[in-house]
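Step one of this worksheet: look at the structure below.
The values are calculated or read from the model by the stated rules, or taken from the named source; none is laboratory data. None of the values given here were measured: they were computed from a predicted structure. We place every Cβ from the backbone using ideal geometry, glycine too, and count neighbours over all the protein chains shown.
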Amino acid sequence: MPVANLRPGDVIEIAPGSRLPADAELLNPFTRFDESVLTGESVPVERQQGKKVVAGSLSVDQVVQIKVISEPGKNAIDRILQLIEDAEVRRAPIERLLDRFSRYYIPRPLCCWPSW
């Protein structure tokens, strides 16, 4: 089933090693998820039944049943991307000028220099 067809209230199963396609509520008694996509922490986190699990999390150890709670395009990852895009749009013109300037006039390390 395409992710775009998922609606709040849909119950789906996620195989071990698969990523959650949407924000969801856990229906299993407990399981572990790798949430490093959002947190950067690679140690799996245990979640209990009824707890929220964010889109992009990786099911670690078992088949998981979840109930979708987010609309397509409105999950945690989509909200983060939107915040980043909004911040980029609000940048001051001087910041953009400095970024362009720095590409040409600030020295960058070369790959072949000896590391003394």
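Of note, PRO21 does not satisfy the criterion of being under 18 Å from MET1 (Cβ atoms), in contact (Cβ under 8 Å) with a residue 60 or more places away in the chain and surrounded by 11 or more Cβ atoms within 10 Å (Cβ to Cβ).
From the list SER102, SER70, SER42, which one is among the polar types (S, T, N, Q) and in contact with a Ser or Thr (Cβ under 9 Å, 6 or more places away or on another chain)?
Values: SER102 fails: in contact with a Ser or Thr (Cβ under 9 Å, 6 or more places away or on another chain); SER70 fails: in contact with a Ser or Thr (Cβ under 9 Å, 6 or more places away or on another chain).
It is SER42.
Restricting the range 1-44 to residues that are part of a loop (DSSP other than H, G, I, E, B) and polar (S, T, N, Q) leaves a set whose member that is farthest from ILE80 (Cα to Cα) is ASN28.
Only residues that are surrounded by 13 or more Cβ atoms within 10 Å (Cβ to Cβ), under 14 Å from the mean Cα position of the chain (by Cα) and farther than 23 Å from MET1 by Cβ were counted across the range 35-74, and they come to 3. Can you list residue pairs whose Cβ atoms sit under 6 Å apart, with the first residue in the range 73-92 being assigned to a loop (DSSP other than H, G, I, E, B) and the second being small (Gly, Ala, Ser) and surrounded by 10 or more Cβ atoms within 10 Å (Cβ to Cβ)? Count only pairs 6 or more apart in sequence or on different chains. That search, which allows pairs on different chains as well, returns ASN75/ALA22; ASN75/ALA55. Of all residues assigned to the range 86-95, at least one qualifies as being at pLDDT 85 or above, more than 18 Å from ARG32 (Cα to Cα) and loosely packed, with under 10 Cβ neighbours inside 10 Å.
Of everything in the range 13-67, what is within 16 Å of ARG79 (Cβ to Cβ) and aliphatic (A, V, I, L, M)? Give them in sequence order. Talk me through it step by step, then tell me what you get.
Applying the first criterion (within 16 Å of ARG79 (Cβ to Cβ)) to the range 13-67 yields 20-24, 35, 37-39, 52-57.
If the condition is that a residue be within 16 Å of ARG79 (Cβ to Cβ) and aliphatic (A, V, I, L, M), then LEU20, ALA22, ALA24, VAL37, LEU38, VAL53, VAL54, ALA55 are the ones that fit.
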